[in-house]
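Read through the structure below, which is laid out as structure tokens, and then see the notes.
The values are calculated or read from the model by the stated rules, or taken from the named source; none is laboratory data. Being a predicted model, the structure only gives us computed values, none of them experimental. Here the Cβ is made from the backbone with ideal geometry for all residues, glycine too, and neighbour counts use every protein chain on show.
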Amino acid sequence: MVGGLLSFLPAGTTLPPLPYLVVVLLATGGVVAALRRRRPRVTGRRVLALAPWMALGSAAHVLYVLDALPALVFPLAGSPTVYLTVGSLAGAAWIAADAARPDRVAESLAVSGALLLIPVVAVALATDLSPTGARWSTLAVALSLPISGVAWAALTRLRPETTITGGVGALAVFGHALDGVSTAVGTTQLGFGERTPVSRILLEFGWIPPIPVLGEGWVFLLVKLAVASAVVWLFAAYVRETPAEGYLLLGFVAAMGLGPGAHNLLLFSVAA
């Protein structure tokens, strides 16, 4: 049964040694309990400020793949453990910022996340920069920006109520566009494989006509954009009626796109 379950999970999914797993679970539980007790105010701006933290987990996992982490923290950066690790740190940073400067929480979250993300990316790039991979990663970002912009404009025009999701909704669309474009570029131009079984199926339809740059991966991108747009549309009412929960859940949706997309960009830049 376990083997059958793992076949539906992304390749490379592992659990850390038991002592690390216990520490991560206790830390996560402690931070969640502290957040529930303090109940810091949740706004779209504060959730949007978590964007660097969303990328941090993916960047740390690249160091894990490159075996470029100290042995003491290495097990904390495996997948999916790294997301609990970074999530606990982000939650702790939110609590600290809310206690120190309640009026500057968004700024504190964004700056602290960026200060952690920048050295992690720098270490990864210092290990072995691939000029070819870096060029394709840059192109993936350059394509994702207008693609997500068009998708967001179309969504808000067709469903004006989605504008209530603001920057968090736009980040969700951009994150999934970035994941879709970078995955298509990686599989078509750089020979990388897709680790998620469902995504791999979408990328292996032999009858799909290829297009420049994205190859057959344009269908994967289209599906990602359609799903992200549908989720933002469905969450619009949730954000309007229960903003705190709505923004948090929509932020999680954004992280599910932005995280893998950031992981692709950095991995291509050092391993292509």
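Listing for the model above:
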{"item": "Residues that are polar (S, T, N, Q), out of contact with any strand residue (DSSP E or B) (no Cβ under 8 Å at 6 or more places or on another chain) and within 23 Å of Ala77 (Cα to Cα), drawn from region 13-62", "result": "Thr28, Ser58"}
{"item": "Residue within region 134-157 that is of a type in the set (Gly, Ala, Ser), out of contact with any helix residue (DSSP H, G or I) (no Cβ under 6 Å at 6 or more places or on another chain) and over 30 Å from Leu222 (Cα atoms) present", "result": "no"}
{"item": "Residue list for region 220-242, restricted to those being surrounded by 17 or more Cβ atoms within 10 Å (Cβ to Cβ) and either farther than 26 Å from Pro80 by Cβ or within 18 Å of the chain's Cα centre (by Cα) (or both)", "result": "Phe220, Leu221, Lys224, Leu225, Ala228, Ser229, Val231, Val232, Trp233, Ala236, Val239"}
{"item": "Number of positions in region 155-170 that are surrounded by 13 or more Cβ atoms within 10 Å (Cβ to Cβ) and either of a type in the set (Phe, Trp, Tyr) or assigned to a helix (DSSP H, G or I) (or both)", "result": "11"}
{"item": "Only one of Val198, Val239, Val231 that is under 30 Å from Gly91 (Cβ atoms), modelled with pLDDT under 85 and in a helix (DSSP H, G or I)", "result": "Val198"}
{"item": "Where a residue in region 255-271 is among the aromatic types (Phe, Trp, Tyr) and its partner, wherever it lies, is part of a helix (DSSP H, G or I), with Cβ under 7 Å and at least six apart", "result": "Phe268/Gly133; Phe268/Trp136; Phe268/Ser137; Phe268/Gly186"}
{"item": "Residue under evaluation Trp207, criteria (1) at pLDDT below 95; (2) closer than 30 Å to Thr14 by Cβ; (3) more than 16 Å from the chain's Cα centre (by Cα), criterion not met", "result": "(2)"}
{"item": "Top-ranked residue in region 1-44 [being farther than 23 Å from His61 by Cα and outside any helix (DSSP H, G or I); ranked as modelled with the lowest pLDDT]", "result": "Met1"}
{"item": "Options Thr162, Thr188, Thr156, Thr127: the member that is touching a strand residue (DSSP E or B) at 6+ places or on another chain (Cβ under 6 Å) and not hydrophobic (A, V, I, L, M, F, W, C)", "result": "Thr188"}
